[in-house]
Amino acid sequence: MVFFSLIRTFARKLTNGDEMKIGFDNEKYLKIQSEHIRERIAQFDGKLYLELGGKLFDDHHASRVLPGFKPDSKLRMLAQLRESIEIVIVVSADDIEKNKVRADLGITYDEDVLRLREEFMQRNFMVGSVVITHYNGQKAADLFRHRLERMGIRSYIHYLIDGYPHNVELIASDKGFGKNDYVETSRELVIVTAPGPGSGKMAVCLSQLYNENKRGIRAGYAKFETFPVWNLPLKHPVNIAYEAATADLNDVNMIDPFHLEAYDKIAVNYNRDIEIFPVLTALFEGIYGENPYKSPTDMGVNMVGFCISDDEVCCNASRDEIIRRYYDATNKMADGADNEREVNKILMLFNQAKITTAYRRVTVAAQAKQELSGHTSAAMELHDGSIITAKSSPLLGCSAALLLNATKHLAGIDHEAKLIPQSMIEPIQKTKIEYLGGKNPRLHTDEVLVTLSVLSKDDEQCRKALEQLPELRNCQVHSTVMLSEVDRKIFKKLGCGLTCDPVRKK
């Protein structure tokens, strides 16, 4: 616990310093995005349901492809509207019944509802209620609702509707949306969010429009999604990187034909929104008699494209992200996943972006180091463009050796200096193999950093090396072998962008 607290402390010390190239004006984004949402609220009867897509607290994809975008930028932007906001969290009864798990957090969707609520409330946002969608008598959903009631959390039920979303006559009637619980809200901007995709956020928004209209209120609906960026070219690297990120879903960026027809202007959207727009038009007409929007792009409120301050920086970061997604997909395949379509999709995107894996400098450096040394190797690109390499040895794995080499370089310590004496490494190896039954005697990254931490009390060089850890944030790393979960987590905590060749350790 002490060690991981140390890592978090170092990570918090780092801001986007002078060495990191910035391509996105975050302050401009906070200002114009909140202003645009206020303008959208004013277009309706002072009531807007805003469907929130993507990640709110930790949008690391956006921060990687738009250097300068903070992972919590959307949350910080919404904080400027805090007094007008009420949050409704949506979860599918089917996902509760199936114990669906968020892969990034390892918790079930129902538990994530409670986590999200707590996260919002800690930031002084009003969380009005939870809506359980796709309800069809699932017992697990009933148990969860009882749990919410015991916790004093208001909850509502929205039912399965036969023929949704195409049976408009039924949906926009008292036997469709009218059958759903009316979610009571008190503020003008209602943020509708969920633990993951497929939860039914859009249906909740539309159901509320129907039921608000019955009460004489002409409420509005809008979508708040960062990608694809509608006012960037279709084949802009930022938009291609979004396709790579959603390759497992087979999302496709497209020119919005409705926007082109209505305004004679090119705008980029993705296939699912374009495909569903005629149905949404029919639903809006069923509720209001007309659709206030002429295109799916009109429904969005995303202003990210107006805040790119250095297009070249964002293009380079996005190309690197496409390659990172490729390695993620090939690593999953090496672990036995049936995701050949995902890998092939990203390879197609390589052609569109006019890149290969050689575009990523650390990939080339790590592979060259392995060819030269005959051992598994790793490389890191520092903020000044320096490339640091390391290879595996009987004492250290390549990733652990890389951390030592990088921190020595940044601290101005001679490369040949041995920060950790062999006499200290050998007892650790003995414990790993003889007492803990391990098969790999080499030290992992966490073990090296713990050892450095212990030595730093009396060793000036170890202390200086540890002090360089914050400088590794946003540095790029590549390994010629798939790293252990421990090593992956350490690089993630340090904020490094890690890729690995799809080769399992022997």
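The values are calculated or read from the model by the stated rules, or taken from the named source; none is laboratory data. Small disclaimer: the values here were computed from a predicted structure and weren't measured. Here Cβ is always computed from backbone atoms with ideal geometry, including for glycine, and neighbour counts include all displayed protein chains. Protein only, heavy atoms only, side chains kept; ligands, DNA and RNA dropped before computing areas. Shrake-Rupley method; radii C 1.70, N 1.55, O 1.52, S 1.80 Å.
Below is a table of values for the structure above.
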{"read-out": "Close pairs (7 angstrom Cβ cut-off, 6 or more residues apart or separate chains): assigned to a loop (DSSP other than H, G, I, E, B) in region 19-41, of a type in the set (D, E, K, R) anywhere", "value": "19/384; 22/310; 23/310"}
{"read-out": "Qualifying residues in region 414-433 (those that are open to solvent by 20 Å² or more (accessible area, probe 1.4 Å) and β-branched (Val, Ile, Thr)) - the one nearest to residue 497 (Cα to Cα)", "value": "428"}
{"read-out": "Residues of region 488-506 satisfying the condition of being surrounded by 19 or more Cβ atoms within 10 Å (Cβ to Cβ), within 25 Å of residue 384 (Cβ to Cβ) and touching a strand residue (DSSP E or B) at 6+ places or on another chain (Cβ under 8 Å)", "value": "491, 496, 497, 498, 499, 500"}
{"read-out": "Residue count, region 180-190 (criterion: loosely packed, with under 15 Cβ neighbours inside 10 Å and either among the hydroxyl-bearing types (Ser, Thr, Tyr) or not in a loop (DSSP other than H, G, I, E, B) (or both))", "value": "1"}
{"read-out": "Among residues of region 162-172, those that are under 20 Å from residue 131 (Cα atoms), in a loop (DSSP other than H, G, I, E, B) and touching a residue at least 24 places away in the same chain (Cβ under 8 Å), counted", "value": "3"}
{"read-out": "Selection count, region 67-102, where residues are open to solvent by less than 20 Å² (accessible area, probe 1.4 Å), outside any helix (DSSP H, G or I) and over 30 Å from residue 237 (Cβ atoms)", "value": "9"}
{"read-out": "Matching residues in region 348-362 - criterion: being out of contact with any strand residue (DSSP E or B) (no Cβ under 8 Å at 6 or more places or on another chain) and part of a loop (DSSP other than H, G, I, E, B)", "value": "354, 355, 356"}
{"read-out": "Qualifying residue in region 37-45 (condition: at pLDDT below 90 and open to solvent by 30 Å² or more (accessible area, probe 1.4 Å))", "value": "yes"}
{"read-out": "The one condition in (1) assigned to a helix (DSSP H, G or I); (2) among the small types (Gly, Ala, Ser); (3) under 22 Å from residue 388 (Cα atoms) that residue 423 fails to fulfil", "value": "(3)"}
{"read-out": "Every residue from region 139-161 that is free of Cβ contacts under 8 Å to residues at least 40 places away in the same chain and under 30 Å from residue 38 (Cα atoms)", "value": "153, 154, 155, 156, 157"}
{"read-out": "Residue in region 237-247 that is part of a strand (DSSP E or B), under 18 Å from residue 348 (Cα atoms) and in contact (Cβ under 8 Å) with a residue 24 or more places away in the chain present", "value": "no"}
{"read-out": "Listing of helices (runs of 4 or more DSSP H) fully contained in region 254-347 that carry 1 or more residues being farther than 30 Å from residue 210 by Cα", "value": "311-334"}
{"read-out": "Sole exception among (1) part of a helix (DSSP H, G or I); (2) touching a residue at least 12 places away in the same chain (Cβ under 8 Å) for residue 111, by number", "value": "(2)"}
{"read-out": "Selection count, region 120-129, where residues are surrounded by fewer than 16 Cβ atoms within 10 Å (Cβ to Cβ) and assigned to a helix (DSSP H, G or I)", "value": "2"}
{"read-out": "Failed item in (1) open to solvent by 70 Å² or more (accessible area, probe 1.4 Å); (2) outside any loop (DSSP other than H, G, I, E, B), with residue 365 passing the rest", "value": "(1)"}
{"read-out": "Test: residue in region 396-410 that is touching a residue at least 12 places away in the same chain (Cβ under 8 Å), more than 26 Å from residue 323 (Cα to Cα), crowded, with 20+ Cβ neighbours inside 10 Å and of a type in the set (Lys, Arg)", "value": "yes"}
{"read-out": "Exclusive hit being within 34 Å of the chain's Cα centre (by Cα) and surrounded by fewer than 17 Cβ atoms within 10 Å (Cβ to Cβ), set 442, 463, 473", "value": "463"}
{"read-out": "Residue list for region 292-332, filter: closer than 30 Å to residue 505 by Cα and among the β-branched types (Val, Ile, Thr)", "value": "322, 323, 330"}
{"read-out": "When residues of region 368-395 are limited to those that are part of a loop (DSSP other than H, G, I, E, B) and within 24 Å of residue 441 (Cβ to Cβ), the one least open to solvent (accessible area, probe 1.4 Å)", "value": "392"}
{"read-out": "Only one of 157, 132, 153 that is open to solvent by less than 30 Å² (accessible area, probe 1.4 Å) and within 27 Å of the chain's Cα centre (by Cα)", "value": "132"}
{"read-out": "Residue list for region 344-362, restricted to those being in contact (Cβ under 8 Å) with a residue 24 or more places away in the chain and either crowded, with 17+ Cβ neighbours inside 10 Å or not aromatic (Phe, Trp, Tyr) (or both)", "value": "345, 346, 349, 350, 352, 353, 355, 357, 360, 361, 362"}
{"read-out": "Scope region 453-488; condition in contact (Cβ under 8 Å) with a residue 24 or more places away in the chain, basic (Lys, Arg) and closer than 29 Å to residue 316 by Cα; matching residues", "value": "473"}
